[in-house]
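Down below is the structure, laid out as structure tokens.
The values are calculated or read from the model by the stated rules, or taken from the named source; none is laboratory data. Just so it is clear, the model here is predicted, and its values are computed rather than measured. Cβ coordinates were reconstructed from backbone atoms using ideal geometry, including for glycine residues, and neighbour counts include every protein chain displayed. Note: areas computed on protein heavy atoms with side chains; ligands, DNA, RNA excluded. Shrake-Rupley method; radii C 1.70, N 1.55, O 1.52, S 1.80 Å.
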Amino acid sequence: MSGLETAIRQALERSERANSETRARIYQSARNALEAGLRKQDVHDPDVIAQQRHRLESVIHAIELEERASLKAAASVAPPVRVDVVGSENPVPSAERDHDIHMPSERNAGIGSSPVVDGGLAGLRPERRDGPRVAEAAPVEPAAGKRGKAAKVGAAAAKPRRRKRGSFLSFVMVVTTLVAAFIMAAWWVETSGLLKSAAERDTSVANPPSTVQSEDFDGEAGLKTLGTQSGFSGDWVDVFTPTDASNVKAGSRAAADPVSDERGPRLRITSATADADGNVSIEIPASVLEQISGKTSTVALSVQADTGKQTQFSVECNFSSLGDCGRHRFTVNEEKNDMLFKVTFDRSLAPSSPGHILINSDVTGAGNSLSVFAVRILPGQ
């Protein structure tokens with residue numbers, strides 16, 4: 001609101017501030033600027049709108065009281081109006097001229113001596129333009145003879161002229177005020193984030209999809225789960241492929257069936273229980289265990305759940321004399337994914353017997369199936 005008050009005062013300084021109509025136009029322009037700013041900011045709350053209008057009217061009221069006080073002060077010290085007699089054919093002595101000058105009557109004594117002060121803020125609103133404006137003029141008593149001509153010349157000289165320059169500056173000031181209001185509204189819209197999408201305004205931390213979980217691993221091994229790997233280089237060793245299921249052994253309450261369809265060859269594992277009887281064992285050759293002895297290596301399982309389902313499966317290791325790798329649990333859906341985890345063996349003694357990877361297709365015991373496409377190991381350096 002301080003910006004509108006400053007604009008009103010600047011506009012009054014550049015205009016005929018003694019004219020009540022000029023002040024009324026400036027006040028009305030400030031009201032229009034306030035309404036335009038509220039509409040631009042999409043403010044529809046009646047209480048907020050009424051509060052802003054009340055504050056503006058209070059500012060206008062205070063400014064108008066100051067203007068009226070200035071007019072009254074100027075009226076009390078206004079200099080006397082001097083009227084010169086022009087065009088006298090027979091000049092007379094100065095003393096005789098002074099004797100012939102008549103003082104104005106009491107009815108016309110106030111004309112030209114002090115400005116008329118209007119009353120009330122209601123009179124400051126601009127008139128309707130439906131009809132012509134009527135200008136009030138005080139009657140002037142004609143004087144006889146040569147004094148009549150002098151009185152007419154004096155009345156014409158005392159009539160105030162409307163300054164076009166002041167009106168133009170007032171118009172420029174009003175336009176400047178409106179432009180400033182629009183700029184402030186645009187700045188508010190930009191900084192408030194109204195033009196941003198819902199995703200851009202959401203400053204909360206995004207929750208990544210939960211695809212990998214680990215539990216019950218050996219703390220001494222220092223195992224960690226890794227993210228999905230998009231491809232496998234020639235350094236990876238294939239320890240299981242669906243075309244060779246001879247090294248696969250199912251528990252008493254588990255099934256491991258080779259399947260080949262539009263999704264490709266795979267081993268479909270179904271565990272009826274979450275304990276050891278539901279595990280399916282995949283043999284790891286001793287030559288592979290020799291490569292990971294005394295190193296930190298990576299194990300990768302390419303798996304997929306049944307169509308339209310999701311399952312949580314577990315992976316355990318029994319690598320002969322090297323030891324185990326703890327227990328890992330992963331969540332997989334109908335999309336094919338590569339689940340990876342690391343194993344570290346400090347022992348450098350090469351095992352003489354093969355090891356095993358134990359897979360349970362559903363740790364919840366609901367009997368969900370899991371398709372295994374491959375098991376790979378990347379020996380450490």
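Multiplying the sequence separation of Lys295 and Asn318 by 0.36 nm and subtracting their Cα-Cα distance, what value in nm do you get?
Values: separation 23, 0.36 × 23 = 8.28 nm, distance 1.62 nm.
Taking 0.36 nm per residue and subtracting the Cα distance, the gain is 6.7 nm.
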(request) Give the calculated FRET efficiency between Asp277 and Ser352 to the nearest 0.05, with a Förster radius of 22 Å applied to their Cβ-Cβ distance. (result) 0.20
(message) So for each of 324-335, 50-61 I average, over its residues, the number of other beta carbons within 10 Å; can you give me the resulting order with the highest mean first?
(response) 324-335, 50-61
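Between Asp244 and Ala286, how high is the FRET efficiency from 1/(1 + (r/R0)^6) when r is the Cβ-Cβ distance and R₀ = 22 Å? Nearest 0.05.
Numbers: r = 17 Å, r/R0 = 0.77.
Here the calculated transfer efficiency is 0.85.
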(request) Please report, as a whole percent, how much of the solvent-accessible surface of the stretch 246-325 comes from carbon and sulfur atoms (probe radius 1.4 Å). (result) 42 percent
(message) Between Val48 and Glu66, what is the label-point separation in nm under the 7 Å Cα-to-beta-carbon projection?
(response) 2.9 nm
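Sorted by average packing, counted as other Cβ atoms within 10 angstrom per residue and highest first, what order do 167-175, 24-32 take?
Details: 167-175: 15.3, 24-32: 20.0.
The peptides rank, most packed first, as 24-32, 167-175.
Can you tell me the length gained on complete extension of the stretch Thr364 to Thr191, counting 0.36 nm per residue apart and subtracting the Cα distance?
On the way: separation 173, 0.36 × 173 = 62.28 nm, distance 5.04 nm.
Value of the extension gain: 57.2 nm.
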